[in-house]
1. Any chance you could give the angle, 0 to 90 degrees and rounded to 10, that helix 108-121 forms with the longest Cα principal axis of the chain?
2. Could you tell me the center-to-center distance, by alpha carbons, between region 555-582 and region 325-366 in angstrom?
3. Sum -39500 (n - 2.57) across every DSSP H segment of at least 4 residues in the chain, then divide by the residue count to get the 222 nm mean residue ellipticity, nearest 500.
4. If you fit an axis through the alpha-carbon atoms of helix 285-321 and take the longest principal axis of the Cα set of the chain, what angle between them do you get, 0 to 90°, nearest 10?
5. In sequence order, what are the phi-derived ³J(HN,Hα) couplings for region 187-203 according to the Karplus relation 6.51 cos²θ - 1.76 cosθ + 1.60 with θ = phi - 60°, rounded to whole Hz, with x for glycine and proline?
6. Can you give me the relative contact order of region 453-587 as a percent, contacts being Cα pairs under 8 Å and 6 or more apart?
7. Using 7 Å Cα-to-Cβ label points, what is the residue 321/residue 442 separation (nm, one decimal)?
8. Could you tell me what fraction of 2.2 N^0.38 Å the Cα radius of gyration of region 437-526 comes to, as a two-decimal ratio?
Amino acid sequence: MADYQAPLREMRFVLNEVFDAPALWASLPKVAENVDPDTADAILEEAGKITSGVLAPLNREGDEQGCKWTAEGVTSPEGFKEAYQTIVDGGWNALGGNPEQGGMGMPKTLVSQFEEMLQGANMAFGLAPMLTAGACLALDAHGSNELKETYLPKMYSGVWSGAMDLTEPHAGTDLGIIRTKAEPNDDGSFAVTGTKIFITWGEHDMAENIVHLVLAKLPGAPKGPKGISMFLVPKFLVKDDGSLGDRNPVTCGSIEKKMGIKGSATCVMNYDAARGWLVGEENKGLNAMFTMMNYERLGVGVQGLGAAEASLQSAREYAKDRIQSRAPSGAQQPEKAADPILVHPDVRRMLLTMKGYVEGGRAFSTYVAQWLDIAKYADDSEQERRIHAEGMVSLLTPVAKAFLTDRGLDVCIIGQQVLGGHGFIREWGQEQLVRDCRITQIYEGTNGIQALDLMGRKVVGSQGKLYELFAQDVAAFIEENSDEQSLRPYLELLAAALERLSDVTEHVINQASETPDAVGAASVDYLDLFGLTALAYMWARMVKAAAAKAEGDTSGFYTGKLKTARFYYDRLLPKTVSLAEGIRSGSDSMMALTAEEF
Ligand SMILES: Cc1cc2nc3c(=O)[nH]c(=O)nc-3n(C[C@H](O)[C@H](O)[C@H](O)COP(=O)(O)OP(=O)(O)OC[C@H]3O[C@@H](n4cnc5c(N)ncnc54)[C@H](O)[C@@H]3O)c2cc1C
């Protein structure tokens, strides 16, 4: 396996040349006071060193060893504790955090690049900082001042880590039926009792304390999702002076044996009247959790992207090195016994498909991060800009989560295929990427649920209004660049793809009012259609940025971008045609079978 190298050149291209992130940051005063282009670049450089130099070398060993459970707690794989300390020492947990509580206030456009490196280098490890950042976000948005002051600085520093405790044995997608309960104590705290499963890094030995954000029900709470509250339950209680006190009765009963991300602990957590504190309002816990989820869902999408990038790096090197058979057009390296497999059209198809999704996916995740930044940091005087960005975030988040992870797994499997039999063998690392990436389609809301969210809540729920925000953005780009020579071959195809997506959107909105199953039958294909069209838009923007610099480009970076764009438009975008046709066939064939007929 080629050693993972943080793709800094690619990230700089997307940030600076495609999206002009420095101009975005300068337009948001709350961001501008914390970051300028030089600081951002220094952060990228340093993040690259840590992720490639410290975390990536632990990835394989973490997978081999896994975590170990005893009744005393969970031991992380060798080297993880020291690596975690490196993250703490570098202040990496604080990157996107609120400066008032010790965070660095960096924009998501930049943070998401760090997250990609983290996840590409070592996904099992990367989940710990990722979950802590998410828990901080929810706490910062919804916690009382006292909770924030007690917990946030330690969590931003990483001395304490965070976990997100939602799932129960009988309640995964449907959190409305959770049974964990929280009963008021006399001192304003609550006694939390119940069992959660699948809690990532719910217990470990890397941080001094673990702060759980737990969903539970108060006595007499309404049934369903409207009766869920969120509680902060620390592993160790915190004394008034901020030092650690007694052990709270929140314990790890066991850890799961699983397919991938084996270096991380997936914990059964038991709460035995553990002391917890309400975060946000009673019965509004799910809303509070969703604050964090919009960020986390992009983060999970970025996990898929990170794994895909790692797979691409290894497959690319292998294809240049491995010699098998001669090129169809005749020997390319006659001095060798055979040509490198890179000469074969099918190997090129695989590598270009990987590049198309990875590089397009990175642009897309940065595009979504840009809307997250505007939604979070736009001044009160810019209400319209903020509302517009919130609409975009709401629409694009499920696409980012599901499309980037679905394509992420596709890319890892293709990467495995490029290596032939060696892709199946542990030593080469591709099989671990396939196993690790698989979970990203399942957790943080399965991709099926993301598709329902997109199609049902966002598109049909807004009667197409949210969709129009995206469609107008693409249409404006097409209009603004109609005279751009370099974009000629693409804009017509992009306009046709947008029209196809808009027609299907309208079709399903109409169907939804007549057929109850219309949304569920269309949703997954619709999300794919949306994602493929969005990436076509990203590739057009990349062409625009690369074209001016392609002439005389001896590095091949810009010319490579133009050629990959052509492949994307020739070979990947046309998939939208069959997806649209499938969606138009409606729900009849899907719902026709009886249970016995299955
Ligand atoms: C390794 C790992 C780590 C995890 N980490 C965490 C964590 O840190 N914290 C946490 O709280 N949870 C965590 N989870 C749990 C994860 O989020 C859930 O497994 C996931 O949300 C799915 O829930 P479920 O497994 O109960 O599946 P179910 O909800 O039973 O779903 C089964 C299938 O039915 C489909 N389905 C369900 N309802 C519908 C519907 N209404 N319409 C259409 N299809 C539907 C689903 O899409 C899925 O395909 C983790 C899980 C794993 C495996």
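1. 90 degrees
2. 15 Å
3. Dividing the helical sum by the residues of the chain leaves -17500 deg cm²/dmol.
4. 40 degrees
5. In residue order, the calculated couplings are 8, x, 8, 10, 9, 9, 9, x, 9, 10, 10, 6, 8, 5, 6, x, 8 Hz.
6. That works out to 31 percent.
7. Result for the modelled spin labels: 3.2 nm.
8. Values: Rg = 15.8 Å, N = 90, 2.2 N^0.38 = 12.2 Å.
Compared with the compact-globule rule of thumb, region 437-526 sits at 1.30.
A short reminder: the numbers here are calculations on the coordinates, not readings from a lab. Since the model is a prediction, treat every value here as computed from it, not as a measurement. We place every Cβ from the backbone using ideal geometry, glycine too, and count neighbours over all the protein chains shown.
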